[in-house]
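In what follows, a single structure is set out as structure tokens and then discussed.
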Protein chains: 2
Amino acid sequence: MENLKSLFQLNPEIIFLNHGSFGATPGPVFEVYKSWLSRLENQPVLFLGRELPELLFTARKKLGLYLNASSEDLVFIPNSTYGVNIAARSIKLAHGDQVLTSDHEYGACDYSWEFICSKTGATYVHQPISLPVSSDEYIIEELWKGVNPNTKVIFLSMITSPTALRMPVEKICKRARSLGIISIIDAAHGPGQEQIDLQSLGGDIVFGNCHKWMLAPKGSAFLFVRPEIQKIIEPLVVSWGYKSTPQTTTGSRFIDLMQWTGTNEHCAYLSVPSAIQFMQDNHWDSVRVECNRLLRIAIEEICTHFDLEPLYPLDSHFFKQMAVAPLPEVNLDELKNRLYTEYKVEVPLIKWHNKQFVRISVQGYNSRSDVEGLIKGLTEMIPHK
Amino acid sequence: MENLKSLFQLNPEIIFLNHGSFGATPGPVFEVYKSWLSRLENQPVLFLGRELPELLFTARKKLGLYLNASSEDLVFIPNSTYGVNIAARSIKLAHGDQVLTSDHEYGACDYSWEFICSKTGATYVHQPISLPVSSDEYIIEELWKGVNPNTKVIFLSMITSPTALRMPVEKICKRARSLGIISIIDAAHGPGQEQIDLQSLGGDIVFGNCHKWMLAPKGSAFLFVRPEIQKIIEPLVVSWGYKSTPQTTTGSRFIDLMQWTGTNEHCAYLSVPSAIQFMQDNHWDSVRVECNRLLRIAIEEICTHFDLEPLYPLDSHFFKQMAVAPLPEVNLDELKNRLYTEYKVEVPLIKWHNKQFVRISVQGYNSRSDVEGLIKGLTEMIPHK
């Protein structure tokens with residue numbers, strides 16, 4: 001993958017092992033983005049006022065082909081946080097309703113549910129799923145201990161943020177559906193790290209980032225809503241589409257309500273097809289396999305060195321290009337600071353319950369030497385009994 | 001102003017007299033914007049994860065100096081539509097409450113209020129203010145005919161969209177305050193077209209675009225909330241700031257709640273100081289005077305040719321760089337189409353009640369010949385009795 005590195009714009013002096021937080025956009029996709037921005041400035045009224053609906057339709061269609069979803073069921077949004085806020089506000093929770101989630105969720109999404117629950121009197125329940133995990137069935141059974149007749153919604157990350165755990169969301173959504181429970185999936189880290197199929201995933205509402213593992217410019221994400229559920233969805237930003245006319249409608253009430261949210265550039269959205277094309281042109285299926293191989297090596301070496309057990313079997317489907325390795329007890333703030341300043345390694349260190357992790361992302365621009373740089377830093381700085 | 005034209009990026013083949021819809025960004029400001037975007041891609045985690053709060057603080061401070069507001073009372077938002085949605089959701093309307101507005105408002109903002117009123121049982125009342133206008137007092141008295149004991153909010157545009165009318169918002173906010181009525185001002189078209197002073201404006205909540213008359217990149221706007229009102233403001237997108245910690249707080253609950261709304265580029269926001277600098281470097285006070293002079297000529301010539309009365313006195317403070325001229329009865333769709341294809345003029349034609357207007361924007365890149373191009377098109381195409 002050495003030659004891929006030159007296609008990205010990352011500071012070559014930093015060992016960048018944190019693709020997971022904000023992604024990184026390759027130069028060729030960034031050039032497409034800038035050319036959309038220039039096209040906008042060439043004639044803003046033509047671009048935003050007349051051409052945009054058709055341009056967005058084309059981009060949604062290409063994204064839909066990539067995610068196996070109809071362009072009618074898919075809108076662009078700025079990020080997954082925006083998606084969870086739409087979902088939480090649209091589901092009409094009542095006093096006593098329960099939203100069930102895991103204890104592996106992203107804090108900002110938790111807050112969005114807590115905000116809505118504080119308004120409605122519903123409860124937001126973090127069902128514990130302890131690590132290590134060894135099977136999908138274990139996760140599902142642990143989660144289901146929290147299901148009761150008040151469970152109206154199951155909200156879960158497809159790949160969790162603090163623990164980088166690929167949840168068996170397909171099986172969970174299916175079981176939820178059979179019980180009349182609405183499934184809402186945060187796929188912030190999903191698309192790009194693996195090939196997503198929204199039909200077989202089966203969530204009622206699924207949102208995910210394009211600017212993360214799909215390599216699109218910042219501020220591009222999607223919201224998918226199953227057609228049967230679309231009628232309950234309310235826009236976060238009410239604008240013209242609230243009362244579309246025969247002249248202005250896109251043909252879909254859902255798209256009308258969600259797509260136009262006031263003046264903005266929309267150019268990150270329009271660059272998503274180029275990001276998809278970039279992955280295809282660069283054989284991303286093979287890149288992913290190679291990244292996963294490097295990542296396994298990293299986890300294995302860290303576990304072996306510190307004599308700690310991994311959080312999931314190393315040959316499992318529980319992680320793809322992002323995984324956590326356990327760390328011994330150590331001052332994380334100090335370690336983080338020294339890793340960056342002395343070893344030039346950008347990687348998140350995470351405290352989760354009483355455990356400490358390093359969360360490693362391996363992307364196409366990384367190489368064996370990056371992983372070695374991290375391991376060198378960790379092993380030199382952390383005292384090992 | 002001829003030399004200013006080369007600093008913008010607009011298609012030279014189009015007579016662009018519609019700055020009002022989406023603005024236009026000068027090349028030098030656009031270059032700054034792109035350099036922020038590149039800096040982000042150089043090290044996304046450093047930029048978005050560590051440097052951003054300080055960078056945004058500096059940008060808010062410079063915007064605050066320009067608008068005469070504390071950086072603590074000011075956050076960046078993507079656009080004015082986003083602002084009205086925050087305001088409408090934050091004001092706790094109850095059944096029977098009235099939100100009073102004029103019949104000159106922007107449709108998307110009307111919809112945002114209608115959406116909230118449909119949820120709360122409040123009513124949204126469009127008080128008619130007929131044209132022509134000749135004094136602030138006339139507008140205020142017409143508006144006040146709609147005030148009654150149920151009036152909880154007055155919502156008004158500073159400069160209206162369909163009629164380009166500069167409302168006497170300072171006097172209206174003052175009178176509202178004395179009666180305990182909350183004033184919410186949509187300054188989408190205000191800042192840049194004139195020097196705004198948020199203190200003397202006196203609105204409780206004021207939002208406005210930076211990407212319109214302030215020349216910043218698309219997706220940059222501000223929300224100002226008077227300190228006494230900030231405690232009622234709810235974020236549209238709940239994220240990390242909902243539970244900020246001593247380590248993560250900006251020091252202001254309002255800023256914490258509103259500033260971070262999930263991953264996005266923030267680069268349009270960070271370019272706002274450069275847009276302010278661009279106006280200062282290019283003597284925007286003089287540019288505005290010259291634009292207003294050209295605009296008056298245009299309105300006067302159109303009125304004279306068609307033997308119609310202007311909607312406001314031509315030497316008045318009711319318009320700045322954007323104004324409407326009345327048109328005779330004519331098929332607007334056909335006229336609009338021919339103006340663009342045959343005369344290369346981009347200008348909005350507006351139907352408002354039973355009147356028809358051309359809304360002319362004059363910006364620093366326009367010249368006398370642009371105005372002549374418009375007048376040529378109108379006078380050649382519209383039959384005149």
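Where a number appears in this text, it was derived from the coordinates with a stated rule and is not lab data. Because the structure is predicted, anything quoted here is derived from the model rather than measured. All Cβ positions, glycine included, derive from the backbone under ideal geometry; neighbour counts span all protein chains shown.
For the reader, a short list of remarks on this structure follows.
- Charge dipole of chain B (Cα centre as origin; +1 on each Lys and Arg Cβ, -1 on each Asp and Glu Cβ, all else neutral): 880 debye, rounded to the nearest 20.
- Estimated from the Cβ-Cβ distance and a Förster radius of 56 angstrom, the FRET efficiency linking A:SER134 and B:SER118 is about 0.65.
- Packing-based order for A:312-318, A:85-91, B:345-351, using average beta carbon neighbours within 10 Å, highest first: A:85-91, B:345-351, A:312-318
- Hydrodynamic estimate: the Kirkwood radius of the stretch A:1-130 over Cα pairs, inserted into Stokes-Einstein at 37 °C and 0.692 mPa s, corresponds to D of 175 µm²/s.
- Other copies of A:LEU7: label-to-label distances in nm, shortest first, labels 7 Å along the beta-carbon direction: 4.0
- The stretch A:231-345, relative contact order [Cα under 8 Å, separation at least 6], %: 17
- Largest-first principal axis extents of the Cα set of the stretch B:104-202 (Å): 37, 29, 28
- Mean separation of Cα pairs under 8 Å and 6 or more residues apart, divided by the residue count, gives chain B a relative contact order of 23 percent.
- Residue mean of other protein chain beta carbons inside 10 Å, A:110-118: 3
- Label 7 Å beyond Cα on the Cβ vector: B:HIS353 copy-to-copy distances, nm: 6.8
- 22 Å Cα-Cα threshold exceeded, pairs from B:LYS145/B:LYS351; A:LYS5/B:LYS218; A:LYS92/A:LYS119; A:LYS152/A:LYS231; B:LYS152/B:LYS174: B:LYS145/B:LYS351; A:LYS5/B:LYS218
- Residue mean of other protein chain beta carbons inside 10 Å, A:24-33: 2
- Whether chain A is rounded, prolate or oblate, judged on the alpha carbon gyration tensor where a/c under 1.5 counts as rounded: oblate
- In straight-distance terms, cross-link reach from A:LYS34 covers every one of the aspartates and glutamates whose alpha-carbon lies under 17 Å from its own, apart from those fewer than eight places away in the same chain; here that gives A:GLU265, B:GLU31, B:GLU41, B:GLU265.
- Check: the stretch B:258-385 dipole with +1 on Lys, Arg Cβ and -1 on Asp, Glu Cβ, in debye: 140
- Overall form of the stretch B:11-75 per C-alpha gyration tensor (a/c, 1.5; a/b vs b/c): oblate
- The distance between label points at B:GLU300 and A:LYS171 comes to 8.1 nm (points 7 Å beyond Cα on the Cα→Cβ vector).
- Per-residue extension of 0.36 nm, minus the Cα-Cα distance of A:PHE57 and A:THR249, leaves a gain of 67.9 nm for this segment.
- Residues A:SER369 and A:LEU308, FRET efficiency given R0 of 30 Å [Cβ-Cβ distance, rounded to 0.05]: 0.80
- Charge dipole (the protein assembly as shown, unit charges on Cβ, about Cα centre) - positive-most of A:VAL237, A:PRO348, B:TRP284: A:VAL237
- The radius of gyration of the Cα set in the stretch A:180-235, together with its Dmax, comes out at 11.8, 37 angstrom.
- Rg/Rh for the stretch B:202-348 stands at 1.11; both radii use Cα atoms, and Rh follows the Kirkwood definition.
- Computed about its Cα centre, the charge dipole of the protein assembly as shown is approximately 780 debye, with only Lys, Arg, Asp and Glu carrying charge at their Cβ.
- The protein assembly as shown, Cα convex hull volume normalised per residue, Å³: 150
- Kirkwood-Stokes translational diffusion coefficient of the stretch A:305-385, alpha-carbon pairs, 4 °C, 1.567 mPa s, µm²/s: 97
- Three semi-axes of the equivalent ellipsoid, the stretch B:53-170, Cα gyration tensor, whole Å, largest first: 28, 20, 13
- Positive-end ranking of B:THR379, B:VAL362, B:LEU270 along the dipole of chain B, with charges on Cβ about the Cα centre, is headed by B:LEU270.
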